[in-house]
Amino acid sequence: MHKRTHIALALFVVVMTLQPGTARAQTRELSDTGVLIDGIAAVVNDGAVLLSELDEQTMLIVRRLRAENTQLPPQEILVGQVLERLIIMEIQLQRARRDGITMPDEVLNRALADVARRNSTTLAELPSLLARDGVDYTSYRKEMREQLIVERLRQRDVVSRIGVTPRELGDHLERERNSAYRNMRYRVSHILISLSTTTTPEELEAASQKAWDLYDQLIEGADFAQAAVAYSDAQTALEGGSMGWRNGDALPTLFAEVVPNMEAGQISEPVRTSSGFHIVKLDEVQGGEPIMENQARARHILMETDQIMDDDVVWQKLTEIRQSILDGDDFATIAKAVSDDPSSAIEGGDLGWNGSGVFVDVFEETMNKLELNEISEPFKTQFGWHILQVLERRVHDTTDDVARNRAMIAIRDSKVAEETELWLRQMRDESFVEYRL
């Protein structure tokens, strides 16, 4: 094992037995002035992972694993896994700071507002909601900002550089046409025994042996989630190896070659890739049915505000246009003449058939409330002011449409996990890390 597994037992005992505030205090000493001084768990390049961070994250993981009824691995292994995750995060944040990647407050606030909305509350009420679960809002906000920064870094350094060739696109569509798994959904877990970018033949053999030994234990009944927490080098280790639900056409390349041939509950033999040895478990499978979607065909007229026409003026103009259409004027003719949406104006305002999630929330909510052929009152989105009319509704089999529309995204997604692991491993190998535990 790496050095990170040699963690003092006392730290884990503190994590397991004390309340959050008490546990954090145990990692700091009093200065001559009586001020608490934090300790250092690991030096990472020109930064550090603090003992208080390690304690706090370990407690959160312990709490979650217990809630999921996952047996805890040995103390030093769990703390080592948490420390390694914090080291990887610190390396990424240092890269982002060096490259000037930041996260503006307005973007952060939108992300937090989305979290609040998914929990049926508001951004203003989110701190109280978190407090009821024992989560400090300031810390939560800081961690959210860091996650967004790291995601922006990953988008720049990994996702944006993943190319899709015409041959890959053609092969993907052909595979979709001939493969039943494309409409299936899979809940997958995996364990990665990683290889560094400078692996020696001896290290390769040791990693292979470790993977096969672990596979034998799993086949004999060892708990997969516990083994992932204890031994996996993947970023999903502390989630018990779970990658969550994936559409069949968006499985990573490795998994697309293995998972469709597995049955729920089955565990694969170790599979070698450039990032290491993977052991895959198919937790659950769903689907096989056609993808049916509620769709609407609508048309709209968009008018934008400017220095001459403010909100009041535009609202009044659209109100008059709406009345003229109700009085018998042709919607399409007016849309071609006055709409500020060039892509739909040429079609008389027609937006074609669309399902949910295509338009911004206000637009979609208005569309869903309208009766057929009813014309909405003027309403505002970030694009300007609209009037909207729903022409038709249908329940449509979008199986083929979804396959075509997702092809490019699916090919990219199939490469992201592997490329991200390689990217993280390279940054880790290039970084200076000194353990202080």
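The values are calculated or read from the model by the stated rules, or taken from the named source; none is laboratory data. Just so we're clear, the structure is a prediction, and the values are computed from it rather than from any experiment. Ideal geometry is used to build each Cβ from the backbone, glycine not excepted, and the neighbour counts take in all protein chains shown.
Things worth noting here:
- As a summary of the residue check, Val433 satisfies the conditions (1) surrounded by fewer than 18 Cβ atoms within 10 Å (Cβ to Cβ); (2) touching a residue at least 40 places away in the same chain (Cβ under 8 Å); (3) not assigned by TED's automatic domain parsing to the domain that holds Ile325 except for the one numbered (1).
- Hey, Gly240 small (Gly, Ala, Ser) and over 13 Å from His190 (Cβ atoms) or not: no
- Residue match in region 23-36 (condition: modelled with pLDDT under 90, in contact with a Lys or Arg (Cβ under 9 Å, 6 or more places away or on another chain) and farther than 22 Å from Leu192 by Cα): yes
- Among residues of region 204-222, those that are closer than 21 Å to Arg187 by Cβ and either in contact with a Gly (Cβ under 9 Å, 6 or more places away or on another chain) or of a type in the set (Phe, Trp, Tyr) (or both), counted: 1
- Tallying residues that are closer than 19 Å to Lys336 by Cα and exposed (fewer than 14 other Cβ atoms within 10 Å of the Cβ) within region 371-382 yields 1.
- In the set (1) surrounded by 13 or more Cβ atoms within 10 Å (Cβ to Cβ); (2) closer than 30 Å to Gln147 by Cα, the condition left unmet by Glu284 is number (1).
- Some residue of region 228-247 being acidic (Asp, Glu) and part of a loop (DSSP other than H, G, I, E, B): yes
Quick grid of which residues meet (1) touching a Lys or Arg at 6+ places or on another chain (Cβ under 7 Å); (2) touching a residue at least 40 places away in the same chain (Cβ under 8 Å); (3) surrounded by fewer than 19 Cβ atoms within 10 Å (Cβ to Cβ):
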residue: Leu351; (1), (2), (3): yes, yes, no
residue: Ser356; (1), (2), (3): no, yes, yes
residue: Val360; (1), (2), (3): no, no, yes
residue: Lys369; (1), (2), (3): no, no, yes
residue: Arg393; (1), (2), (3): no, yes, yes
residue: Ile411; (1), (2), (3): no, yes, no
residue: Ala417; (1), (2), (3): no, yes, no
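- Failed item, numbered, when Pro73 is tested on (1) modelled with pLDDT under 95; (2) not in a loop (DSSP other than H, G, I, E, B): (2)
- Inclusion of Thr319 among residues that are within 33 Å of the chain's Cα centre (by Cα) and either among the polar types (S, T, N, Q) or surrounded by 15 or more Cβ atoms within 10 Å (Cβ to Cβ) (or both) is not warranted.
- Under the condition of being part of a loop (DSSP other than H, G, I, E, B) and in contact (Cβ under 8 Å) with a residue 60 or more places away in the chain, the residues counted in region 249-304 number 10.
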